[in-house]
Number of protein chains: 2
Amino acid sequence: MDEGEFVENFNRAIAGSETIVFSSLCSINYSGRAESRLEEGDRIIIIKSDKTLLVHQPTGSNPINYMKEGSQHALEQNNGFLVLKSRNPGAKEYLDICIKQIHFLRALSLSDSKKLQLAGSERDMADMLYNSPELVEPGFKPLSREEHTKYGFIDLFGYDKNSCLVVVECKRYAGDMKAVSQLARYVKRIKRARGLTRVRGILACPRISPAAAHMLADHGFKFIRVNPPKYLERDSLMQKNLDEWNK
Amino acid sequence: MDEGEFVENFNRAIAGSETIVFSSLCSINYSGRAESRLEEGDRIIIIKSDKTLLVHQPTGSNPINYMKEGSQHALEQNNGFLVLKSRNPGAKEYLDICIKQIHFLRALSLSDSKKLQLAGSERDMADMLYNSPELVEPGFKPLSREEHTKYGFIDLFGYDKNSCLVVVECKRYAGDMKAVSQLARYVKRIKRARGLTRVRGILACPRISPAAAHMLADHGFKFIRVNPPKYLERDSLMQKNLDEWNK
DNA sequence: GGGGAGAGATGCCGC
DNA sequence: GCGGCATTTCTCCCC
């Protein structure tokens, strides 16, 4: 692709707030929250309509460099090279892409207002336990879920069969020491806030690492095995297919 | 773009392990670690040479859907629609993209072996404090950094001027309650492992949130204000430019 | 806007 | 492979 044509198409797309996709041989410098340099290689670069910039290498899920929403992007000539300068003055972030060779460019006007519907989050787990308290333990009486108070953001809160306060922390993944630390922090806060000497802690997750189990026992807390509920509305068009897959 | 042409180019690119970029109007279902549905909209889809798949909406930095490295991708006809079926049997993950309209497709053979050089990480902070212990406090004597032992992964470890053990936890961002929890966990472990009643804790970060400062004081720990060192090699070609930016 | 916490987190390193 | 932990984390939610 001709460089003049590239510049022209790029500038027209930026002016029109279109989404730009291009690929080029380039080297990249970043300065902002940290500093980085990436030597020459072939990458795919996307500038979205909200001015987010992403640089992707040919492997891996994460962008190797990026600039956040609301950045400014301009092509400049610098020492005989075409340089894409991206700036975010508010965040004091600066990215320079030195373009050595252009593979292609495409500008698009994309229309998409849809949001992702997701099932199987930690919140869904807390909801499930709130609605089916016997999954926590016999006699468990839920008080609240997702409590965002000054005491903390506790997933599930209730009384056990002996009317002792219980803090339940849900994790959709394997429980680790970080999760136990978090539970311990909540229990401590509740004890202090309510002037109680005994508050129980329960960690609810699909499984728990040995070190975390040890630490949990150390605090006198309990592990219960719970899997996050993973189903969208039953009448979803694809449900039959999903059921097939999950066999 | 013609659908037959799209299918042909897609299949040729997959067979040749090329990187594919295309845009289309589509709806998406995912089932795996969770379940999700995304209604019809215009998106950009990338399949990398390692078979990572990314779906991007016209705004935001994160992909709205994705499949990890090593997935399998195939186009199929389904109820009169073209469906891109991505499968990762090992991870039991399944993604279906129902393609309603094709905006463009591009297949590329990209060559990129370069890795990002980064300065300003938490590890760089620990290195700096190890090499300049007076930044921690007068008389601080570093013992080790990034100690990966059974006691935990402690950023920086040493003695203070009174020969009392000190655990230093570095954070490149504002210290929060999670960071204090982490430090408390390390101090507790070191106390137990060495049979000590007094081990000091220091949190080193650019700033600290009020709640975290309160919690830190509660534990008898100390906050020191440290910024992560942000400079690559001084002889970097772009250094002059970076210096310009940072003025 | 800042703080607190989740994420289909991902990526890195060490055992 | 799992475990522990950082991330230019990003994103959401609530104050």
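Take the conditions within 30 Å of B:Thr19 (Cα to Cα), surrounded by fewer than 19 Cβ atoms within 10 Å (Cβ to Cβ) and either modelled with pLDDT under 95 or within 14 Å of DNA strand D (Cβ to nearest atom) (or both) and apply them to A:Leu118. Does it pass?
On the way: within 30 Å of B:Thr19 (Cα to Cα): yes; surrounded by fewer than 19 Cβ atoms within 10 Å (Cβ to Cβ): yes; either modelled with pLDDT under 95 or within 14 Å of DNA strand D (Cβ to nearest atom) (or both): yes.
So A:Leu118 fits the description; yes.
Please specify each residue of region B:81-115 satisfying the condition of being exposed (fewer than 15 other Cβ atoms within 10 Å of the Cβ) and not hydroxyl-bearing (Ser, Thr, Tyr). Talk me through it step by step, then tell me what you get.
Taking region B:81-115 first, the residues exposed (fewer than 15 other Cβ atoms within 10 Å of the Cβ) are B:81, B:89-92, B:100-101, B:109, B:111, B:113, B:115.
Answer for region B:81-115, where residues must be exposed (fewer than 15 other Cβ atoms within 10 Å of the Cβ) and not hydroxyl-bearing (Ser, Thr, Tyr): B:Phe81, B:Pro89, B:Gly90, B:Ala91, B:Lys92, B:Lys100, B:Gln101, B:Lys115.
In region A:158-189, the residue that is surrounded by the most Cβ atoms within 10 Å (Cβ to Cβ) out of those that are over 18 Å from B:Ala184 (Cα atoms) and of a type in the set (Val, Ile, Thr) is A:Val168.
For first residues located in region B:109-124 and facing chain A (nearest Cβ under 7 Å), partners that are more than 14 Å from DNA strand C (Cβ to nearest atom) and of a type in the set (Val, Ile, Thr) and lie 6+ apart or on another chain with Cβ distances below 7 Å form the pairs B:Leu110/B:Thr19. As a summary of the residue check, B:Phe153 satisfies the conditions (1) farther than 22 Å from A:Arg189 by Cα; (2) within 14 Å of chain A (Cβ to nearest Cβ); (3) modelled with pLDDT of 95 or more except for the one numbered (3).
Here is a check on your reading of the model: is A:Arg172 within 11 Å of DNA strand C (Cβ to nearest atom), within 23 Å of A:Ser144 (Cβ to Cβ) and charged (D, E, K, R)?
Numbers: within 11 Å of DNA strand C (Cβ to nearest atom): yes; within 23 Å of A:Ser144 (Cβ to Cβ): yes; charged (D, E, K, R): yes.
When the stated conditions are applied, A:Arg172 passes them.
Counting the residues of region A:28-53 that are crowded, with 20+ Cβ neighbours inside 10 Å and more than 7 Å from chain B (Cβ to nearest Cβ) gives 5. Checked against (1) within 11 Å of chain B (Cβ to nearest Cβ); (2) modelled with pLDDT under 95; (3) over 29 Å from B:Ile28 (Cβ atoms), A:Leu183 meets all criteria but (2).
Filtering region A:206-218 to residues that are in contact with a helix residue (DSSP H, G or I) (Cβ under 7 Å, 6 or more places away or on another chain) and farther than 17 Å from A:Cys170 by Cα leaves only A:Ala211. Summed over region A:54-75, residues that are facing another protein chain (nearest Cβ under 9 Å) and more than 13 Å from DNA strand D (Cβ to nearest atom) total 2. Within region B:95-128, the only residue that satisfies the criterion of being of a type in the set (Lys, Arg) and in contact with a Gly (Cβ under 7 Å, 6 or more places away or on another chain) is B:Lys114.
Taking the conditions (1) under 23 Å from the mean Cα position of the chain (by Cα); (2) assigned to a strand (DSSP E or B) in turn, A:Ile20 satisfies each one other than (1).
Inspect region B:76-90 for any residue being among the hydroxyl-bearing types (Ser, Thr, Tyr) and within 10 Å of chain A (Cβ to nearest Cβ) and give the result as yes or no. If you could, list the steps in order and put the result at the bottom.
Our first condition is that a residue be among the hydroxyl-bearing types (Ser, Thr, Tyr); within region B:76-90, this holds for B:86.
Restricting the remaining residues to those that are within 10 Å of chain A (Cβ to nearest Cβ) gives none.
No; the residues of region B:76-90 include none that is among the hydroxyl-bearing types (Ser, Thr, Tyr) and within 10 Å of chain A (Cβ to nearest Cβ).
Only one of the numbered conditions (1) within 25 Å of A:Glu69 (Cβ to Cβ); (2) aromatic (Phe, Trp, Tyr); (3) surrounded by fewer than 19 Cβ atoms within 10 Å (Cβ to Cβ) is violated by B:Phe6, and that is (1). Within region A:59-70, residues that are modelled with pLDDT under 95 reach no partner that is more than 7 Å from DNA strand D (Cβ to nearest atom) with beta carbons closer than 9 Å at six or more positions or on different chains. Only one of the numbered conditions (1) over 30 Å from A:Glu40 (Cα atoms); (2) within 14 Å of DNA strand D (Cβ to nearest atom); (3) within 14 Å of another protein chain (Cβ to nearest Cβ); (4) in contact with a strand residue (DSSP E or B) (Cβ under 6 Å, 6 or more places away or on another chain) is violated by B:Asp96, and that is (2).
The values are calculated or read from the model by the stated rules, or taken from the named source; none is laboratory data. Keep in mind that what you see is a predicted model, and the values were worked out from it rather than measured. When we count neighbours, we look across all protein chains shown, and the Cβ atoms used for this are built from the backbone with ideal geometry, even at glycine.
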